[in-house]
Each structure stands twice: as structure tokens, then as C-alpha cells.
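Working notes, structure below.
The values are calculated or read from the model by the stated rules, or taken from the named source; none is laboratory data. None of the values given here were measured: they were computed from a predicted structure. Because the Cβ atoms are built from the backbone with ideal geometry, glycine has one as well, and the counts that use them run over all protein chains shown. Quick note on the areas: whole protein, heavy atoms, side chains included, nothing else; ligands and nucleic acids left out. Shrake-Rupley method; radii C 1.70, N 1.55, O 1.52, S 1.80 Å.
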Amino acid sequence: MRLYMFYFVGLLFIQCDMPYKGKHTEEKSVNKEVLNPSENFGLVIHGGAGTILKKNMTDSLEQAYRDKLEEATKAGHTILSNGGTSMQAVTAAINIMEDSPLFNAGKGAVFTHKGTNELDASVMDGKTLNAGAISGVTTVKNPINLAVAVMNKSEHVMLSAQGAEQFAKEQGLKIVDPQYFYTERRYKSLQKIIEKEKTELDHDTKVSFMDPFIKDSKYGTVGCVALDKYGNLAAGTSTGGMTNKRYNRIGDAPIIGAGTYANNASCAVSSTGWGEYFIRGMVAHDIAAMMEYKEITLQEAAHTVIQEKLTKLGGTGGIVSIDRQGNVAMEFNTAGMYRAHMNAAGDLDIKIYKND
Ligand code: ASP
């Protein structure tokens, strides 16, 4: 009997110490490393890449994008400078972009062929390699928060559609009527594409990316990567996917390794672009893996993956990334990418076009 008790108590200890996915809260991971805080921190965000050309942009629209990028970056930066975690900074920055109709995520999500909005998101913690992802939700106001909840409060990595929505309700996340995601501008984009499809017999895939709002094609996914004072990396990505998507299509944004990846051994990455290519190229993970295995810099890895590998595959888009030293890479093979970076010193860098 005594021997059994001994085993039982021993087992309990082992259980408590097991890296059970659902029990890794961010707070726990920070406390362990709070002994050696560094003053090196920073974050990078993106609001989508594509054929973003100055000639197609009005001054007021460009200013609106710059203002929102600044607001999101500063929100994340304030959290980091106050000792918050990289995951907290990532979610705060992404929430601001999700709540803005300017970006294809949350409020500004694009429409599916059926005229609905299906949202995808994911996050990854570079210290624990814990991750959370959701796809095809239609009622969750901030999909990135649901991805965080999946990571921290469930024993799963990826939930989809109604199951994900049920979990969101159980977790007390903000639920909205699907009508919340209606914006005239995005709805018009869908109508325009459907019209165009009718006249284009070969269903040219490029048609699907047309965004009349900036008179050209672009991807408006949002993402953020951050390094906190404790040396931990995190990444997150949130999107409405691609206009006119059908059959419950899922893009790269909620796929860990494609749209989002973070590993303290290398870097944190968030992608935007033609999702199918990012999935096939496992773009986010490939950048991290190249850094780790080839012992090259983040910039070299990002350049190779986007400018050589992705481009050769026929994919378009870009990434933002940061490593443990606070080095950043913002690499894209399109005409532009909404992007912003802020370092520990508070230097803010906001760019839209290639030659900014
Ligand atoms: N990567 C997203 C997707 O394919 C689109 C985007 O970046 O805007 O769903």
C-alpha cells in the first residue's frame, strides 16, 4: 500500500511538471527568465503586401494607413518597454489592425464567394514552441485572441469553424454578429471580381486578388513579430483570407510554419501574400530553419526564401521577422508592403512602398 502511495505521489509530481500544452501560460514562461532581463527589445508589424503603388494611393488614404501602423506599433512597443511579453505585444498590435477597416483582418476582412467573411489567425511562442490557430470563424471579433486562447487554454493547436466559435464563447471572447464584418468597400471588391470572372473564361487566378480600393491587387493580412526584454520571441498573423475564396478555403495565415512561426533558437516570422504558395514553401519555418541550420543571418535567410525560393515557385508576398538580437528583416517581392518597426530606443520606421 505504502509503495502504491509513493508511486501515486511521484506520478502527480511528474504530471505537474509535464509540458502539457494547455498549461503553458505566457506569464509562467516569463517568470522563469525574469532574472536576466535585457534592454534589447523591438517589434515589426505588417498590414499586407501587394501591388501597392503610390500612383494608386490618395494622400489621405496613405496617411490613414501610416497612422494606423504607427498606432499599432506604438501599442506593442509600450507593452514591451513596460516589461510585457512578446505575445502580449503581438496581440495588442494585431488587435488594433483587426479593429480597423483598412486591413484584411477582423473588421476589414474580405468576402468569400458566398458573400460571407471567414477569418483565420495563428500565434506562436518562440520560447515554448507552443502555438494556437483558428480558421473559418465568422463571429469572433478578434481572431488573434482566439488563437491565443487555443494556445493557452486548450490542449489543441488548431480549431476550425463552429467548433472554434463554440470554444471562443466558452472562453468569454467577444462575439459579434457576422454583419459586423460587412464593409462596403470589401463587398464592392467581391462584386467586381465576380463580374470580372464572368467575362474571363479561363478564371485567371490573379483576378481574385484585385482590390479596387487601391485600384490594384494586394494582400491585406496583418501580422506582428516581437522580441521582449526576456529574450523571448513571438509571432502572430490574422486575416480574412482572399477575396472570392470558395469551398472554405484556408490560407497560410493559420498554418504554423507557413504564415506564422517563432522559435527562440532562430527568429519569429509573420507572412502575407498568396497563401497557397506560402503553404507549399513553408515560408515562415523555412526562414527560421535556414538561419538555424545554415547559421546565416536573418536577413540572408529571409532574402533567400522570399526573393529566390518563393519567387521561383511563382508566389508573391512578403514577411516581417525579428531575431533574438533584435535584428529585423522585412522582405517582399511585391511593389509594396505596409510595414513598421520600432526598436528599444523608440526609433519608429514606417514604410509602404518598395523604395520608401
Ligand atoms: N496570405 C493570406 C491568405 O492567403 C492573404 C493575405 O496575405 O492577405 O489567406
- Long pairs among Lys196/Lys354; Lys309/Lys351; Lys107/Lys245; Lys68/Lys351; Lys74/Lys174, criterion Cα-Cα beyond 19 Å: Lys196/Lys354; Lys309/Lys351; Lys74/Lys174
- Task: Working from the alpha-carbon coordinates of region 79-156, get Rg over Rh, Rh being the Kirkwood radius.
- Result: 1.01
- Note on the structure: The long-range amide H neighbours of Gly126, using H built 1.01 Å from N in the peptide plane and a cut-off of under 5 Å, are Leu233, Ala234, Ala235
- Derived scalar couplings ³J(HN,Hα) [region 319-330; Karplus, 6.51 cos²θ - 1.76 cosθ + 1.60; whole Hz; x for Gly, Pro]: 9, 10, 7, 8, 10, 6, 8, x, 5, 10, 9, 10
- Note on the structure: Summed over the other residues with a beta carbon less than 9 angstrom from that of Lys107, with K and R at +1 and D and E at -1, the charge totals -1
- Under the Karplus curve 6.51 cos²θ - 1.76 cosθ + 1.60, θ = phi - 60°, whole-Hz ³J(HN,Hα) for region 162-174, x wherever Gly or Pro sits: 4, x, 5, 5, 4, 4, 4, 5, 4, 8, x, 6, 6
- Query: Hey, what do the phi angles of region 79-85 turn into as Karplus ³J(HN,Hα) couplings, whole Hz, using 6.51/-1.76/1.60 and θ = phi - 60°, x for Gly and Pro?
  - Reply: 4, 5, 5, 8, x, x, 8
- Radius of gyration, Dmax [region 44-353; alpha carbons; angstrom]: 17.6, 56
- Taking amide H positions as placed 1.01 Å from N in the peptide plane, with prolines and chain starts having none, which residues 5 or more places from Gly220, or on another chain, fall under 5 Å of its amide H? Asn104
- Message: Report the per residue volume, in Å³, of the convex hull enclosing the C-alpha atoms of region 224-356.
- Response: 107
- Query: Of the heavy-atom accessible surface of region 44-353 (probe 1.4 angstrom), what whole percent is carbon and sulfur?
  - Reply: 51
- Task: Would you please give the residues with an amide H less than 5 Å from that of Gly336, counting only those at least 5 places away or on a separate chain, with H modeled from the backbone geometry?
- Result: Gly50, Ile52
- Item | Solvent-accessible area per residue for region 44-353 (1.4 angstrom probe, square angstrom) | 37
